[in-house]
Each structure stands twice: as C-alpha cells, then as structure tokens.
Amino acid sequence: MYVIFPIALVGFLLTWPLLRRFTRIWRQRPITASESIVAGTIAWLFLFSLLAWFGGIGLTLVDYIFTHKIIDMGILLVTLVFTGFVMHFSNQARYDQHLDDTQDFFKEAIQFRRSEQRRLDLLSLMRQGRKHKKGSAVNDSESRQRERLQANLNKEKEQDAQLTLLREGTIIDMSELWRIHTQTHSPHPLYEKVQEVRIDPNKKRLSLYADFPELSEEQLKDETTVLRFNRQVYDFFQSMNAEPWLKPFTPFFDSYFLMCRATKIIPEGAELMYPFMKVGALVSELRKLEGSYFNPRKLSEITTLAFNSGAQV
C-alpha cells in the first residue's frame, strides 16, 4: 500500500514538467496530431498520479482506523502537510506561474483535442489579461511634456465638473473621462472594452457597458471560455476598487453594474451586438475578498449575475 506514494510522486515529477512544456508550445502554435497523442497520454498519466496520491491517503486512513499503526499516522501527517503545502503554493502562484494556462491546456489534452480555432479562441482571452500598451519614442521631449500637462489639466477640469453634478444629485455620463484615463493608464484589458460609463448618485451605482466583438454566442457556450471571462470580470471589479483616479467618485456609488455585449449574426446576415451577461456587485463585498484566490465558478455567489450560456439576457 505504501508504495503508492512514491509511484504517484514519480508520476508527478515526470508528467508536470512535460505538461508545462506542452503548454508553452500550445500557446505558440497549434500542436500536431502526434503531439496531441503524446500530450493526451501525459495528461492521463498525470491524472492517474493525482488519483493514486489521494487514493493512497484514503487507504492509509482506513488502515489506521482498523489497525492503529503508528507508521500509518506518520505517513498521513507527512502526506497531508505536503499536499496542503503544494495546494497553498499553487493558489498563491497561479497568476505568476501562469497555472491557469496549464489548466486550460490540460482540459484540452485530456480529450486529445487539437482544434486550431478553439486554441485561438482561448489564447485570445489569455492575451487580453497580459496585453499592455507600448508607447512609441518621441524625439521632442518638451512637446511630449506639454501634451502630458495639458492632458492632466483636461482631466482635472472634467473631473471637477462631474463631481459638482454628482453633489447636486445629477446622473452623469463619465464615458469621456473614462476614455481619457484609459489612454494613459489601463491596468486591466476590460477598461478598453468599456463604451459607456454612468454614475447615478441617487441609486449609488456605477454602471458600465462593455463590448466584446471578438466573442460570439457559440464561443460563450464553452465552459473554459466562460470561466476565464468570469475571472476577468472579477479582476476588473477589484481593479476599479484600487484605481486612484476613481477615488473622488467613490462617495457617490456603493455598487457596480456591468453589461457585456457580444457579436451575434442575425438572419439577414448582419452582425449585431447583444447583451450576454449582466453583473451587479457590491463594493463592500469585493473588498472583503481582496488578496484572496477567487474561484470563477462562484461569481454568481458574490454578485447578482444574469448569464444564459451565451444567449441574450
């Protein structure tokens, strides 16, 4: 029975680096048919190693209950502590080590999939989380400095005018101010997707309307795509909580409302933007979760979520 643990550990040590290597290949190009067979085999071996490890813990526990062997107790303590350490490290490092990418590849590999279009759909969502703007070099430093100063002045004037209206209880459209800040500082890819922004000081709500023309109704039926999108929505909300330029507006809202729109082909053959997700979130609830790992499957538990497998809501 005890031999299960070293066998499972060897399985982990052999298959995990290979899964990570195939993940990097998968992100760079479509894998070939032979590579998909090898990757699928490795994924199944990794899964069997995982099942063997936890199965060994279960068998050892049962054996200890009936025999009360000290060696069983020692093995249980070591394996449980080791398992807890690995799980804690995985949760803490999942973003830095891109473990979500490996998880997405594992789901594809275990089914021996090699669909190029599906891979491109997943990678387009991955890259949104890591996309950043690269400014072109400008030779005239004085001109660039003047432009920055003027932009900051415009921001301050627009912000003061908006705050005055909010104090009077007027609903404001801050889409232009949002775009000004997005051009110079966009900490999350969803910022660029936002088309309309409004604050209702009476309902204490910040409403956002975002378009995702790269997403279709068919893509939104895929569980992996939806889970990754849920994680991006949650990260977007948390990003707004920490956004410095929004701080002056926080007394006028205590909740977020986000409407997401995707592309739909109507019978006439034209493309139409339609709402596929509506999310409402309390700022106070989001602050309670700051710094902790978020499971995208539980988005509906911390928000008011309307989503119908990609259909219009």
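Values in this text are rule-based calculations from the coordinates and carry no lab data. A quick note: this is a predicted structure, and the numbers were derived from the prediction, not measured. Note that each Cβ is placed from the backbone with ideal geometry, even for glycine, and that neighbours are counted across all protein chains shown.
Brief remarks on what is shown
- Note on Leu51 and Ile70: their simple-model spin labels are 3.6 nm apart, each label 7 Å out from Cα toward Cβ.
- Modelled FRET efficiency - R0 45 Å, Ala311 with Val10, Cβ distances, 0.05 increments: 0.45
- Linear extension gain, Arg198 paired with Ile171, 0.36 nm per residue minus alpha-carbon span: 9.0 nm
- Computed extension length for Thr164-Ile37: 39.4 nm, one decimal, from 0.36 nm per residue of separation with the Cα-Cα distance subtracted.
- With all pairs of separate Cα atoms included, the stretch 209-268 yields a Kirkwood hydrodynamic radius of 13.7 Å.
- Amide H contacts of Glu196 (H built 1.01 Å from N, under 5 Å, at least 5 apart or other chain): Tyr209
- Extension gain for Trp44-Asn241 works out to 66.8 nm (0.36 nm per residue, less the C-alpha to C-alpha distance).
- Rounded to the nearest 20, the size of the Cβ-charge dipole of the stretch 157-313 about its Cα centre is 500 debye, with Lys and Arg at +1 and Asp and Glu at -1.
- Taking a ≥ b ≥ c as the square roots of the Cα gyration tensor eigenvalues, the stretch 161-307 comes out oblate, since a/c reaches at least 1.5 and a/b does not exceed b/c.
- Alpha-carbon Rg/Rh ratio, for the stretch 4-114, with Rh computed the Kirkwood way: 1.08
- Taking amide H atoms as placed 1.01 Å from N in the peptide plane, the amide H of Phe212 lies under 5 Å from those of Arg261, Ala262, each 5 or more residues away in sequence or on another chain.
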